[in-house]
Amino acid sequence: MLSLAVCKCSAGGRWLTVVEWATPGVILALLPKCPLCIAAYIAIGTGIGISVSTAAYIRLGLVAVCVAALVALVVRRFR
């Protein structure tokens, strides 16, 4: 895993740690549970329409990436 060369004892390092832990959790908390909502958000944000099945795969992928990031942070914390 890539490591940033920031001392965790500095104020910037502490904020970086908070951001590292908060980002996947916030994404998981704000992620819509309905694939139709994800399809609508993508259509509103980009103007590109996607199918509901594609939106379901995107949602599943986002959940998997966020969980993997949290697991990686836990593993790195206990090493």
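Coordinate-derived values only; no laboratory data. Note that this is a predicted model, so its numbers are computed, not measured. Reconstructed Cβ throughout: ideal geometry from the backbone, glycine too, with neighbour counts over all protein chains shown.
For residue 71 and residue 30, what does the FRET efficiency come to when R0 = 22 Å and r is the distance between their Cβ atoms, rounded to the nearest 0.05?
Between residue 71 and residue 30 the formula returns 0.65.
Using only Cα positions of the stretch 33-79, each an equal point scatterer, no hydration layer, compute I(q)/I(0) via Debye at q = 0.14, 0.22, 0.23 Å⁻¹ and quote the log10 values to two decimals.
Here log10 of I(q) over I(0) equals -0.44, -0.71, -0.74.
Enter the per residue convex hull volume of the chain, computed from alpha-carbon coordinates, in Å³ rounded to the nearest integer.
Enclosed volume per residue, from the Cα hull, is 117 Å³.
Summing -39500 (n - 2.57) over the DSSP H runs of n ≥ 4 in the chain and dividing by its residue number, what mean residue ellipticity at 222 nm do you reach, to the nearest 500 deg cm²/dmol?
-25500 deg cm²/dmol
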